[in-house]
1. Quick one: in region 53-79, which of the residues that are open to solvent by less than 10 Å² (accessible area, probe 1.4 Å) and hydrophobic (A, V, I, L, M, F, W, C) is nearest to SER17 (Cα to Cα)?
2. Restricting the search to region 103-119, which residues are assigned to a helix (DSSP H, G or I) and open to solvent by 50 Å² or more (accessible area, probe 1.4 Å)?
3. Cβ-Cβ below 8 Å, separation at least six or inter-chain, first residue in region 1-27 and more than 14 Å from TRP63 (Cα to Cα), second open to solvent by 40 Å² or more (accessible area, probe 1.4 Å) and outside any helix (DSSP H, G or I): which pairs?
4. For TYR11, only one of the following conditions fails: (1) open to solvent by 30 Å² or more (accessible area, probe 1.4 Å); (2) aromatic (Phe, Trp, Tyr); (3) out of contact with any Leu (no Cβ under 7 Å at 6 or more places or on another chain). What is its number?
5. Can you go through ALA88, ALA134 and tell me which one is modelled with pLDDT of 90 or more and part of a loop (DSSP other than H, G, I, E, B)?
6. What's the total number of residues in region 18-52 that are open to solvent by 70 Å² or more (accessible area, probe 1.4 Å), part of a helix (DSSP H, G or I) and among the small types (Gly, Ala, Ser)?
Amino acid sequence: GQIVEGLARAYQETGNSSYLTAAERGANWLVSVQAADGTWPSDYGGFAHAYHARIARGLLKLWQVDGNNAYMTAATKNLTWVLTQQQANGWFNNNGINNTGENSAPLTHTIAYATRGILESGALLGEERYIAGARAAGKVSATPHPAHAHDADGAGNGRDRVRRAGRALLSSVPLSRG
C-alpha cells in the first residue's frame, strides 16, 4: 500500500505515466488477493492485521488520482474490517506483527499504522466513523497495552516507555474536529 501511494504521488509530481502504471499494477494485485472480509491475510504467517489500514490509505490515494472505484471499494472493505477489530477501549485486536493471538502485543509503529490509516482514510472519504475510530485509538495509546505492563525483569519500567510512545502518537491524532 505504501509503495502504491508513493508511485501515485510520483505520477502526480512528474506526470510520468510509468509511475501510474506501476501503482495500478500493485493496486490491482492487492485487490486480487484481498479476502472477502476485506483483509489481506497473505503476509506474516497468514494472519490479518489491523495495521493494514495503511494499505487501504494507499489504495485511496491512488483512487483519488485515477478514479478506479475498485480501489475505493477494497479500501473501505478493509477499513470496515479494521473497525470490527477495535475494542471498546480503543485498542485494536490483530495489530501485532507476530499475531500469536488475537490480542498479541502491538508495536508503536503498528499502532500508528492502524490509527493513521483509518484517520487519513476517513478524512479522504469524509467518513466520520473512521475518524472516530482513530480518535479512540489515539486516546488509549497514551496508556500502556496490558502486554507491556512490565519488563521481562518484572520491574515495571516498560510502562513509562510505552506511555511516552503513546503520548507521541496521540499528539499526531486530532481528538476533536475544529
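1. Residues of region 53-79 open to solvent by less than 10 Å² (accessible area, probe 1.4 Å): 53, 56, 58-60, 62, 71, 74-75, 78-79.
Checking the rest, the ones that are also hydrophobic (A, V, I, L, M, F, W, C) come to 53, 56, 59-60, 62, 74-75, 79.
On the way: ALA53: 26, ALA56: 22, LEU59: 17, LEU60: 18, LEU62: 13, ALA74: 23, ALA75: 23, LEU79: 29 Å.
Checking each candidate, the answer is LEU62.
2. Start the filter on region 103-119 by keeping residues that are assigned to a helix (DSSP H, G or I), which leaves 108-119.
Those that are assigned to a helix (DSSP H, G or I) and open to solvent by 50 Å² or more (accessible area, probe 1.4 Å): THR108, HIS109, TYR113, ARG116.
3. ALA10/ASN16
4. The single condition TYR11 does not satisfy is (3).
5. That would be ALA88, the only listed residue that is modelled with pLDDT of 90 or more and part of a loop (DSSP other than H, G, I, E, B).
6. Going through region 18-52 one residue at a time, the tally reaches 2.
The values are calculated or read from the model by the stated rules, or taken from the named source; none is laboratory data. Predicted model only: the values in this text are computed from it and were never measured. Every residue, glycine as well, gets a Cβ built from its backbone with ideal geometry; the counts of neighbours run over all protein chains shown. Calculation scope for accessible area: heavy atoms of the full protein, side chains included, ligands and nucleic acids excluded. Shrake-Rupley method; radii C 1.70, N 1.55, O 1.52, S 1.80 Å.
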